[in-house]
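The values are calculated or read from the model by the stated rules, or taken from the named source; none is laboratory data. What you are looking at is a predicted structure, and each value in this text was computed from that prediction instead of being measured. For neighbour counting, all protein chains shown are included, and Cβ atoms are generated from backbone atoms with ideal geometry for every residue, glycine included. With ligands, DNA and RNA removed, areas are computed over all heavy atoms of the protein, side chains included. Shrake-Rupley method; radii C 1.70, N 1.55, O 1.52, S 1.80 Å.
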Amino acid sequence: MIHTVRETGSTNADLLSLAQSGVAEGYWLRAERQVAGRGRQGRHWASPIGNFYASTLVRVRRGDPPAATLALLAAVALDEAIGIFLADHVAMALKWPNDLLLAGAKLSGILLERIDDAVVIGIGVNLAHHPDLPDRATTSLAARGVNVLPSTLGEVLAESMVRWLTRWRGEGLAPVRARWLARAHPPGTALTARLPDGGSIEGLFDGLDADGALLLRLASGERRVIHAADVFLLEGA
């Protein structure tokens with residue numbers, strides 16, 4: 001079910017509140033506009049009318065893969081959904097953990113938040129507009145000559161999420177991880193990872209470990225496992 005409102009503060013904040021009242025898994029809340037949208041690490045997420053802003057909810061069950069891997073699942077489902085509308089799907093690539101890049105520029109963002117057994121997955125996609133950010137290139141589908149209504153993307157994405165959630169529960173993380181790797185930028189891509197403690201590490205993309213953590217090959221040859229970081233493609237990479 002997709003419930004659409006004209007305006008709200010944040011679909012993630014709204015759904016976190018609804019989660020406590022027992023809203024069922026699979027519920028979607030989409031807003032035409034957000035006035036307090038947010039991205040990872042508390043960043044403001046610009047939310048003009050015409051783009052896609054929605055959140056859905058997963059109830060974590062006993063025996064599910066780790067809840068954090070829903071970030072990879074959401075990225076795979078979104079990549080699949082966008083690919084239906086974009087002829088040059090090959091121009092898209094996933095960047096860890098869940099950014100979707102189009103010709104190297106950020107097209108979307110995904111934010112996971114948890115309360116009790118509920119994981120709320122917020123997804124924003126630049127359909128008609130994209131912001132001008134100082135630290136990263138951004139783009140929109142409209143900038144590529146592709147016009148998609150937010151309501152249409154919502155219907156396709158909801159179906160894609162159900163398919164991947166079913167596989168995640170029935171087969172484990174392996175198929176999600178394999179699909180993510182198949183859609184990621186190539187091994188050897190130069191990355192910098194800004195760590196939660198304020199430090200940073202540069203290295204070459206060396207895949208994901210079995211639990212979905214980022215693997216970086218450092219200049220020394222050491223292979224570093226990254227569990228949390230803000231990741232950027234290095235200039236010219």
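Across region 211-227, what is the number of residues that are within 16 Å of residue 180 (Cα to Cα), outside any strand (DSSP E or B) and open to solvent by less than 80 Å² (accessible area, probe 1.4 Å)? Adding up the residues that qualify gives 2. Residue count for region 198-213 satisfying the condition of being closer than 17 Å to residue 174 by Cβ and either among the β-branched types (Val, Ile, Thr) or touching a residue at least 40 places away in the same chain (Cβ under 8 Å) (or both): 3. Comparison of 127, 153 shows that the only residue that is modelled with pLDDT of 95 or more and part of a loop (DSSP other than H, G, I, E, B) is 127.
Listed here are the residues, each with its yes/no results for (1) at pLDDT 90 or above; (2) open to solvent by 10 Å² or more (accessible area, probe 1.4 Å); (3) closer than 19 Å to residue 158 by Cα; (4) not hydroxyl-bearing (Ser, Thr, Tyr).
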{"residue": "15", "(1), (2), (3), (4)": "yes, no, yes, yes"}
{"residue": "23", "(1), (2), (3), (4)": "yes, yes, yes, yes"}
{"residue": "37", "(1), (2), (3), (4)": "no, no, no, yes"}
{"residue": "43", "(1), (2), (3), (4)": "no, yes, no, yes"}
{"residue": "63", "(1), (2), (3), (4)": "yes, yes, no, yes"}
{"residue": "80", "(1), (2), (3), (4)": "yes, yes, yes, yes"}
{"residue": "90", "(1), (2), (3), (4)": "no, yes, no, yes"}
{"residue": "95", "(1), (2), (3), (4)": "yes, yes, no, yes"}
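The residue pairs whose first member lies in region 168-186 and is touching a residue at least 60 places away in the same chain (Cβ under 8 Å) and within 15 Å of residue 77 (Cβ to Cβ), whose second member is surrounded by 18 or more Cβ atoms within 10 Å (Cβ to Cβ) and among the hydroxyl-bearing types (Ser, Thr, Tyr), and whose beta carbons are closer than 9 Å, counting only pairs six or more residues apart or on different chains, are 168/69; 173/69; 176/69; 177/69. Just one of the listed residues (179, 183, 194) is closer than 21 Å to residue 106 by Cα, at pLDDT below 95 and open to solvent by 20 Å² or more (accessible area, probe 1.4 Å), and it is 194.
Can you say whether residue 4 is open to solvent by 50 Å² or more (accessible area, probe 1.4 Å), β-branched (Val, Ile, Thr) and at pLDDT 95 or above, as far as the supplied structure shows? Here the answer is yes, as residue 4 does meet what is asked. Anything in region 96-107 that is closer than 21 Å to residue 68 by Cα and in contact with an Asp or Glu (Cβ under 7 Å, 6 or more places away or on another chain)? List them, or say none. Hit for region 96-107 is 100, nothing else. Look at region 45-71: where a residue is within 22 Å of residue 180 (Cα to Cα) and a partner is open to solvent by less than 50 Å² (accessible area, probe 1.4 Å) and aromatic (Phe, Trp, Tyr), sitting 6+ places away or on another chain with Cβ atoms under 7 Å, you get 54/28; 56/27; 56/28; 57/27; 65/168.
I'd like to know if region 130-150 contains one or more residues that are touching a helix residue (DSSP H, G or I) at 6+ places or on another chain (Cβ under 7 Å) and open to solvent by less than 70 Å² (accessible area, probe 1.4 Å). Looking for residues that are touching a helix residue (DSSP H, G or I) at 6+ places or on another chain (Cβ under 7 Å) and open to solvent by less than 70 Å² (accessible area, probe 1.4 Å), one finds none in region 130-150, hence no.
When restricted to residues that are part of a loop (DSSP other than H, G, I, E, B) and more than 19 Å from residue 48 (Cα to Cα), region 83-124 contains 12.
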